[in-house]
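K.L.:
Quick one: the structure is below, and I'll ask about it shortly.
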């Protein structure tokens, strides 16, 4: 390698010729051009930035629309293979079918105990090509329909030795072979002025309702007993959320950014692995300040507000995430916790609306962040489309589909 002469002056004034190696200059320049480690970490945490289309591609439901476009409480939605949509209304206890461009086609289901009737719609999924399945926790049964409303079969749960006492309630997903995962909720012993976490125990069932085994357990909501009022979730309670990714149950309650993976093929009865995706939750004091400011505007549920005002503000913690679901590519969407939207007294239904979301691979690699508009609660992401519930200023619900700009 050729050295490059460099002339400098000595302290005596004489010119002295020195040599420098170009490799040294190249090395110094390379080091100077490298990004700072903090910048690298920030970029890795953020990933790309996505957004939604300015207007929905599809909107079904309005207060001044026809009766078939009025929703009481949308609890789920699916897209069929031909582009049609199935929308579950848990308030009216019915399923409605709409064309790919939002035209009403038919509806079925009603309150009752007979074939094709419901007492609750707590799970909605596709059990095969265009076979619509519903879990009814009140009746403890699974009903499968064709899109025209024909009942294919109804399966009641069967109980066997090894299953926890009581009856399962929440639906937590279905695997590709048709088996389903349900959960038992076991409240803690009632002790006043203490955090009382629920225990969620996950059970695997065959598609015909036969119990297979327990998959494991985790902490669900956190409650508190207030004298003279009773019990209920604390203001910043954790909330259990699940998804099925490649036949694995993915669970988080938002605490500490931990995501737990349960393998239905394993007999271990514990999480196969745990991934931590740290969020940036506010301090407990800052969360209370944000909630107080929101409640001063008159927002919230009266009983939950009353209970929150009796909470011991020095105990508990703010979750990292308020919501989770998985898209059709197996990526996990996590809503960063915002006390002004996600605290129990002010949340809409089971989750707050809008907010900043982080999308990550199941190994923790960041994919993107996206900020959803106020009033939008996502149901599912399919391809470049986001299926969601929209709520207007009168709390009227509609089903919407937005394009995801990647």
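K.L.:
What are the pairs with Cβ atoms under 8 angstrom where one residue, in region 252-264, is free of Cβ contacts under 8 Å to residues at least 60 places away in the same chain and the other, located anywhere, is outside any strand (DSSP E or B) and crowded, with 19+ Cβ neighbours inside 10 Å? Sequence gap at least six, or different chains.
P.N.:
260/271
K.L.:
Name the residue that is nearest to residue 245 (Cα to Cα), counting only residues in region 312-335 that are in contact with a helix residue (DSSP H, G or I) (Cβ under 9 Å, 6 or more places away or on another chain) and surrounded by fewer than 21 Cβ atoms within 10 Å (Cβ to Cβ).
P.N.:
317
K.L.:
Residues that are in contact with a helix residue (DSSP H, G or I) (Cβ under 9 Å, 6 or more places away or on another chain): list the strands (runs of 3 or more DSSP E) wholly contained in region 165-253 that include at least 1 such residues.
P.N.:
Counting at least 1 such residues, we get 211-226, 230-233.
K.L.:
Related question: How many residues does region 212-231 contain that are out of contact with any strand residue (DSSP E or B) (no Cβ under 6 Å at 6 or more places or on another chain) and either buried (at least 17 other Cβ atoms within 10 Å of the Cβ) or within 16 Å of residue 322 (Cβ to Cβ) (or both)?
P.N.:
So the count comes out to 2.
K.L.:
Could you please tell me which pairs satisfy a Cβ distance under 6 Å, a separation of 6+ or placement on different chains, a first residue in region 352-365 that is more than 10 Å from residue 341 (Cβ to Cβ), and a second residue that is exposed (fewer than 15 other Cβ atoms within 10 Å of the Cβ)?
P.N.:
Between residues of region 352-365 that are more than 10 Å from residue 341 (Cβ to Cβ) and residues that are exposed (fewer than 15 other Cβ atoms within 10 Å of the Cβ), the close pairs are 356/371.
K.L.:
Residue 234 passes all but one of (1) in contact with a strand residue (DSSP E or B) (Cβ under 6 Å, 6 or more places away or on another chain); (2) surrounded by fewer than 16 Cβ atoms within 10 Å (Cβ to Cβ); (3) over 19 Å from residue 325 (Cβ atoms); which number fails?
P.N.:
(2)
K.L.:
Which residues, taken from region 132-150, are in a loop (DSSP other than H, G, I, E, B) and closer than 15 Å to residue 90 by Cβ?
P.N.:
Residues satisfying the conditions are 137, 138, 139.
K.L.:
Pairs please, first residue from region 379-394 and closer than 13 Å to residue 58 by Cβ, second anywhere and loosely packed, with under 15 Cβ neighbours inside 10 Å, Cβ atoms under 6 Å, 6+ apart in sequence or on different chains.
P.N.:
As it stands, the answer is 382/328, since those pairs meet every condition given.
K.L.:
Restricting to region 45-86, what's the tally of residues that are assigned to a strand (DSSP E or B) and over 18 Å from residue 105 (Cα atoms)?
P.N.:
Residues in region 45-86 being assigned to a strand (DSSP E or B) and over 18 Å from residue 105 (Cα atoms): 6 in total.
A quick yes/no check of all residues on (1) within 19 Å of residue 262 (Cβ to Cβ); (2) over 25 Å from the mean Cα position of the chain (by Cα):
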site: 197; (1), (2): yes, no
site: 207; (1), (2): yes, no
site: 219; (1), (2): yes, no
site: 222; (1), (2): no, no
site: 225; (1), (2): no, yes
site: 230; (1), (2): no, yes
site: 234; (1), (2): no, no
site: 237; (1), (2): no, no
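K.L.:
Right, another one. So, in region 168-193, of the ones that are in contact (Cβ under 8 Å) with a residue 24 or more places away in the chain and loosely packed, with under 14 Cβ neighbours inside 10 Å, which residue ends up nearest to residue 270 (Cα to Cα)?
P.N.:
Restricting to residues being in contact (Cβ under 8 Å) with a residue 24 or more places away in the chain and loosely packed, with under 14 Cβ neighbours inside 10 Å, the top hit is 187.
K.L.:
Sticking with this one: Give the residues of region 276-286 that are closer than 25 Å to residue 332 by Cα and part of a helix (DSSP H, G or I), sorted by residue number.
P.N.:
Selection gives nothing.
K.L.:
Considering only region 310-320, I want to know if a residue exists there that is at pLDDT 95 or above and over 15 Å from the mean Cα position of the chain (by Cα).
P.N.:
Yes, because at least one residue in region 310-320 is at pLDDT 95 or above and over 15 Å from the mean Cα position of the chain (by Cα).
K.L.:
Does residue 153 meet the test of being over 23 Å from the mean Cα position of the chain (by Cα) and either without any contact (Cβ under 8 Å) to a residue 12 or more places away in the chain or not in a loop (DSSP other than H, G, I, E, B) (or both)?
P.N.:
Criteria met by residue 153.
K.L.:
Hey, can you tell me all the residues within region 374-389 that are at pLDDT 95 or above and more than 19 Å from residue 241 (Cβ to Cβ)?
P.N.:
Those that are at pLDDT 95 or above and more than 19 Å from residue 241 (Cβ to Cβ): 383, 384, 385.
K.L.:
Failed condition for residue 357, given (1) modelled with pLDDT of 90 or more; (2) surrounded by fewer than 19 Cβ atoms within 10 Å (Cβ to Cβ); (3) within 13 Å of the chain's Cα centre (by Cα), with all others met?
P.N.:
(2)
The values are calculated or read from the model by the stated rules, or taken from the named source; none is laboratory data. Treat the numbers as computed from the prediction; the structure is a model and nothing was measured. For neighbour counting, all protein chains shown are included, and Cβ atoms are generated from backbone atoms with ideal geometry for every residue, glycine included.
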